[in-house]
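Colleague: The structure's right below; bear with me while I get my questions together.
The values are calculated or read from the model by the stated rules, or taken from the named source; none is laboratory data. Just so it is clear, the structure is predicted and the values come from calculations on it, not from any experiment. Neighbour counts run over all protein chains shown; Cβ positions are idealised from the backbone, glycine included.
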Amino acid sequence: MAVNVGLDWSVSLEGTDDKGKKYTFTEDKLDRQKYARFIVKFLADQGYNSTEDTPHNYVLNLNSEWGSGKTYFLKRLSKDLKDYYPTVYIDAWAQDYSEDPLMTVISSMIKQLRVQAGKSEDDPIFKAPRKLVGLFKAVAPAVARGLSKRYIGIDPAMIMDSADDADLASEELDDNGKPIDMGVAASKLVSHLIEEHDAKANAIESIKTDVGEWVKAVIAADNTDHTKTEKRKYPAFVFIDELDRCRPSYAVEMLETIKHIFDIPGVVFVVGTDTEQLQHAVKVIYGEGFDARNYLGRFFNSRFTLRQPDFESLLEVHCDPHKLSSAHFSDLKITVWPENDSHKMNMKNITTILNCFDLSARQAIQITERIIAILSNLPKGKTVDILMLTFLLCIREKDELVYDDIFSAQFVRVLDGTSLDLHSYLLESYRCENKRIFIDFDPRVKHPQFRGVYPNRHSESVYVASLTYYLDIFVTFFGHSPSCAITLLGGVDDLENEPIEVLLEELRLANPHTEEIVCTKQTTANSWLGCTYYHEGMDKLTPSDYKDLVELSSSLDWLDE
């Protein structure tokens, strides 16, 4: 019978882990719950056939690039599943100091499953099998060498150092003072190594049996606990996270451990990686020309990719949105243009520009963190254009030569045989067209009247301007020619005769074409964008002001998640 797993990631989750350490998960802001439900149902079916009552083994690669919420996903899912299935969570990166992936996995399974089974540390079921000692990297070579010395009377290194059979004649003496026949010793060593190989194979089977017993103990404990309404069932889930951050040798050995030792019926593994980064680790071990993708495919039954969320959701999770609010700017006593009351509008404008440049999640997060760092460290009384900062940081990230040439009055690029100025180049190279800039403000606050007489009837609203219109402002600021003349230099009073929101409904009735209505709104928004830019004195800043801010912040790199 299928387990009805209750997942509700729309609310935060607090609790205490097996070590008594408190944890907190915020609500799911990246819409990952739907993926969690699918994966649980899929793996439960793969790991156990309830119709035939037969357990199976399965290994899933959960692929997700940096910043996409992989660790949150695995940790929260492992916490939720512990009430329904035997569950183990392993942070591979936190434990790669051990040098031995087998020891990492075994110790984690013993500790976590023992707690879930309600057993004490002295319980014999959860004792590591003695046969396991010969498989640990730290002791296996020393044990093998010591046993060889014991059983064949000579250090095996001496035999392996012999180049050929002629070298096997030796004056070495055994413990009784008699000469050692190295040829006989070599034969004994080969027999001993075969026996050791067979012993390791038996030890592996013993481990599989013991893991199966640990899983059974957890399920059996639930069946005797009549206070539990939902009993744990097969399969057991083992989550291995952060593998791509480990040392290359450790990451590869962990995969081999999972594939060759832990193919245990009734146990499913979920290995979380940034698969592209893991491929680089494999190539470090086997060489740059090695087919790492095909190699990794051998370890997994399937791969599930968490899609990168939109930048706006991503930045809400990874950056402090309050630091982009007008309230925060007011506390800092700085002016940030456009003056949006809500941090959401500033975040929308940043992500609008980020989306033009085909950036990775890591790049988008780091650029936004640099913007926040710049604003947080501006001297009191300073003014800055957040759109210009974002554009410059993005261009510098994508092409430093273009960035450098922006600060010279001579910018020329040739694309497909056509010579382009800065404005045309930006439109051709990046996806700036059909993008929108948002201004959430009340025009009447700063401009209550036109010409000191006529009331401003443009009401508080979210004005949606064109990003390509802003590009005219951008290129003009750096001394380059815009694609068309800017018509906003006449000042705020010129907006008196612009269409206003009160007339939009009449216009809609006269001409029901929605595009024309949107165009009218956008024209008004473009005008307000330009007029407020000059009214707030953004043009009084210099290119060198922005260059200093961008280059100082670009020296700061966030190296961790």
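Colleague: Would you mention how many residues in region 426-450 are buried (at least 18 other Cβ atoms within 10 Å of the Cβ), in a helix (DSSP H, G or I) and either at pLDDT 90 or above or within 31 Å of the chain's Cα centre (by Cα) (or both)?
Modeller: 1
Colleague: So, restricting to helices (runs of 4 or more DSSP H) that lie completely within region 285-377, which ones have at least 3 residues that are touching a residue at least 40 places away in the same chain (Cβ under 8 Å) and among the hydrophobic types (A, V, I, L, M, F, W, C)?
Modeller: The qualifying helices (runs of 4 or more DSSP H) are 311-318, 343-354, 361-376.
Colleague: Note down all Cβ pairs under 7 Å where the first residue falls in region 534-561 and is within 16 Å of SER408 (Cα to Cα), the second is at pLDDT 80 or above and part of a loop (DSSP other than H, G, I, E, B), and they're at least six residues apart or on different chains.
Modeller: Partner pairs satisfying both residue conditions: PRO543/PHE407; PRO543/PHE478; LYS547/PHE407.
Colleague: Is there a residue in region 479-486 that is at pLDDT 75 or above, in a loop (DSSP other than H, G, I, E, B) and surrounded by 14 or more Cβ atoms within 10 Å (Cβ to Cβ)?
Modeller: So far as region 479-486 goes, yes, one or more of its residues are at pLDDT 75 or above, in a loop (DSSP other than H, G, I, E, B) and surrounded by 14 or more Cβ atoms within 10 Å (Cβ to Cβ).
Colleague: Please go through (1) in a loop (DSSP other than H, G, I, E, B); (2) small (Gly, Ala, Ser); (3) closer than 21 Å to TRP337 by Cα for ALA465 and return the number of the only condition it doesn't satisfy.
Modeller: Every listed condition holds for ALA465 apart from (1).
Colleague: I'd like to check something: does region 382-394 contain any residue that is in contact with a Phe, Trp or Tyr (Cβ under 6 Å, 6 or more places away or on another chain), assigned by TED's automatic domain parsing to the domain that holds ASP548, surrounded by fewer than 19 Cβ atoms within 10 Å (Cβ to Cβ) and not in a loop (DSSP other than H, G, I, E, B)?
Modeller: Scanning region 382-394 turns up no residue that is in contact with a Phe, Trp or Tyr (Cβ under 6 Å, 6 or more places away or on another chain), assigned by TED's automatic domain parsing to the domain that holds ASP548, surrounded by fewer than 19 Cβ atoms within 10 Å (Cβ to Cβ) and not in a loop (DSSP other than H, G, I, E, B).
Colleague: How do the strands (runs of 3 or more DSSP E) wholly within region 3-113 filter down when requiring 3 or more residues that are crowded, with 19+ Cβ neighbours inside 10 Å, in the same structural domain as PRO235 (by TED's automatic domain parsing) and in contact with a His (Cβ under 9 Å, 6 or more places away or on another chain): which remain?
Modeller: Result: empty, no element qualifies.
Colleague: Looking at LEU315, LEU243 in this structure, which one is assigned by TED's automatic domain parsing to the domain that holds GLY67, within 23 Å of TYR35 (Cβ to Cβ) and crowded, with 16+ Cβ neighbours inside 10 Å?
Modeller: LEU243
Colleague: Any idea which of (1) in a helix (DSSP H, G or I); (2) closer than 24 Å to PHE38 by Cβ; (3) β-branched (Val, Ile, Thr) is the one VAL252 doesn't satisfy?
Modeller: Answer for VAL252: the failing condition is (2).
Colleague: Shifting gears a bit: In the set SER360, SER313, which member is among the small types (Gly, Ala, Ser) and closer than 22 Å to ASN434 by Cβ?
Modeller: Result: SER313 is the single residue among SER360, SER313 that is among the small types (Gly, Ala, Ser) and closer than 22 Å to ASN434 by Cβ.
Colleague: State yes or no: is GLY289 small (Gly, Ala, Ser), surrounded by 21 or more Cβ atoms within 10 Å (Cβ to Cβ) and farther than 30 Å from ASP440 by Cβ?
Modeller: The answer is no for GLY289.
Colleague: Given (1) exposed (fewer than 11 other Cβ atoms within 10 Å of the Cβ); (2) touching a Pro at 6+ places or on another chain (Cβ under 8 Å); (3) within 19 Å of THR352 (Cα to Cα), where does PRO455 come up short, assuming only one miss?
Modeller: (3)
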